[in-house]
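The values are calculated or read from the model by the stated rules, or taken from the named source; none is laboratory data. Remember, it's a predicted structure, so these values are computed and weren't measured experimentally. Please note: Cβ atoms are built from the backbone with ideal geometry, for glycine as well, and neighbour counts cover all protein chains shown. SASA here: full protein model, heavy atoms, side chains in, ligands and nucleic acids out. Shrake-Rupley method; radii C 1.70, N 1.55, O 1.52, S 1.80 Å.
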Amino acid sequence: MPFIKLPLYKLFNNKRGNSNYTKKYCNLNRGPYEVYTGTTIGSFGSIATYDYDTPNLTYTTDGVHAGTVEILNGKYNVGGHRAILKSINKNMYLDYFENVLEPILKSIVKKGNVPSVTWSLIKNIEISVQINE
């Protein structure tokens, strides 16, 4: 099967997490559904409702863990320091993209007081993908 290079924007739609999901919000709305945010160690919080129930590729947008890529599964929420890459094609193998994207994102993190990765910075990065005819 042939490989072609495609920019991220042709493979994924980018959606920022919900910045309303703060620690205070989580404490006032406790429940069983995890809120994933910029932290990659431990739980940020859990609330009574969920926004997503399908696997999605996500990346941390800012802070110490900027550029960290992870696949989220189950019923969950995404906070303001994380973004979701929703597959345009349902047949994409997310594990492949998790492994390929993280080193790329980590290498282009915008340095500063608060390291960051934005969609405008990464959307044109070309990724080799295998095409199944």
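Condition first: out of contact with any Pro (no Cβ under 8 Å at 6 or more places or on another chain), without any contact (Cβ under 8 Å) to a residue 60 or more places away in the chain and in a strand (DSSP E or B). Can you find one or more residues in region 94-117 that meet it? The answer is yes; a qualifying residue exists.
Counting just the residues of region 89-112 that are under 30 Å from SER46 (Cβ atoms) and open to solvent by 90 Å² or more (accessible area, probe 1.4 Å), which one comes out farthest from the chain's Cα centre (by Cα)?
To start, the set of residues in region 89-112 that are under 30 Å from SER46 (Cβ atoms) comprises 90, 92-99, 101-102, 105-106, 109.
Filter again for open to solvent by 90 Å² or more (accessible area, probe 1.4 Å), leaving 90, 93, 99.
Values: LYS90: 16, TYR93: 15, ASN99: 13 Å.
Per the criteria, the residue is LYS90.
Sort out which residues of region 73-100 are within 17 Å of SER128 (Cα to Cα) and in contact with a helix residue (DSSP H, G or I) (Cβ under 8 Å, 6 or more places away or on another chain), and write them in order of number. LEU85, SER87, ILE88, ASN89, MET92, PHE97 - these are the residues of region 73-100 that are within 17 Å of SER128 (Cα to Cα) and in contact with a helix residue (DSSP H, G or I) (Cβ under 8 Å, 6 or more places away or on another chain).
When ALA83, ALA66 are checked against the criterion of being of a type in the set (Gly, Ala, Ser) and either in contact with a Phe, Trp or Tyr (Cβ under 7 Å, 6 or more places away or on another chain) or assigned to a strand (DSSP E or B) (or both), a single residue qualifies: ALA83.
Given the conditions (1) closer than 20 Å to PRO115 by Cβ; (2) among the hydrophobic types (A, V, I, L, M, F, W, C); (3) touching a residue at least 60 places away in the same chain (Cβ under 8 Å); (4) surrounded by fewer than 16 Cβ atoms within 10 Å (Cβ to Cβ), report the number of the one that ILE4 does not fulfil. Just one mismatch for ILE4, condition (1). Scanning region 20-54 for residues that are surrounded by fewer than 14 Cβ atoms within 10 Å (Cβ to Cβ), under 15 Å from the mean Cα position of the chain (by Cα) and not β-branched (Val, Ile, Thr) yields a count of 1.
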